[in-house]
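Written out below as structure tokens is the structure these notes cover.
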């Protein structure tokens, strides 16, 4: 492992705005940090957490949590949020499979899945973050009218997610295979991630699906 990466992995857990799902009292630690009774908005596989950070800036009175299983990625996100003095943004080192063990029922109002690995092979389908096994997890923590948002450049994942929504009779709230051809976008939809900018430069169309469970 490169020395710089190892340093980040060992250092990141000492940051005040970083939490680890392995901590025995993780639920209470998150509640104590925010010290309010507002719902959470999660960004899954957040990486540098462009969405978490920018939504934190847009909505200073809401609670945002960027989640990634790789501590070295969260190191960068934590530093960026700290520079901006964001007190309503934290980061969680965790696997998506553990969300229902971390968050109480009806504690999350919105989930953003931003440019996840599409896992194109059929044998890896269960790893897609919009697979029914993950939707079952999200349902356990979302409020009754909570929203799941997928933003992707991948046509296969986009089509697959629409198929899952239809097969499971879920609430399709919005879908577009060319997001930026629309003029009436919300502030959240306009947020550009690092990888999204690269995709746009390459001429790829950005796709968005918003749905309820």
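What follows draws every value from the coordinates through simple rules; no lab data is involved. Given the structure is predicted, the values throughout are model-derived calculations rather than measurements. Glycine also receives a Cβ, built like all others from the backbone with ideal geometry; neighbour counts cover every protein chain displayed.
What is the distance in Å between the Cα centroid of the stretch 74-145 and that of the stretch 14-72?
Going from one Cα centre to the other spans 10 Å.
What share of the DSSP beta bridges in the stretch 3-212 is antiparallel, in percent to the nearest 5? Please report the intermediate quantities before stating the final value.
Values: 10 of 34 bridges.
Bridges in the stretch 3-212 are about 30 percent antiparallel.
For the chain, set up a GNM with springs between Cα atoms under 10 Å and report which of 83, 151, 140 has the largest fluctuation.
83
How far apart, in nm, are two points set 7 Å out from the Cα along the Cα-to-Cβ line at residue 34 and at residue 85?
Calculated label separation equals 2.3 nm.
Each label point is 7 Å from the Cα along the Cα-to-Cβ direction; what then is the distance between the points at residue 16 and residue 171, in nm?
3.8
Roughly how tilted is helix 155-167, in degrees to the nearest 10 and between 0 and 90, from the longest Cα axis of the chain?
With rounding to tens, the tilt is 80 degrees.
For residue 97 and residue 205, calculate 0.36 nm times their separation in residues minus their Cα-Cα distance, and state this gained length in nm to one decimal.
In short, 35.9 nm is gained.
So how far apart, in nm, are the two label points at residue 197 and residue 125 if each is 7 Å from Cα heading toward Cβ?
If labels sit at residue 197 and residue 125, their model points lie 3.7 nm apart.
Kirkwood Rh over Cα pairs of the stretch 142-213 into Stokes-Einstein at 37 °C, 0.692 mPa s: D in µm²/s?
It diffuses with D of about 254 µm²/s by this estimate.
What ranking, highest mean first, results for peptides 160-169, 117-126 when packing means the other Cβ atoms within 10 Å averaged over each residue?
Packing proxy ranking, top to bottom: 160-169, 117-126.
If you build the convex hull over the alpha carbons only and average its shadow over all orientations, what do you get for the stretch 106-157? Give it in nm² to one decimal.
Numbers: hull surface 14.2 nm².
For the stretch 106-157, averaging the hull's shadow over all directions gives 3.5 nm².
Please give the calculated 222 nm ellipticity per residue for the chain, where each DSSP H segment of at least 4 residues contributes -39500 (n - 2.57) and the sum is spread over every residue; nearest 500 deg cm²/dmol?
Details: 8 runs with 75 residues, N = 213.
So the helix-based figure for the chain works out to -10000 deg cm²/dmol.
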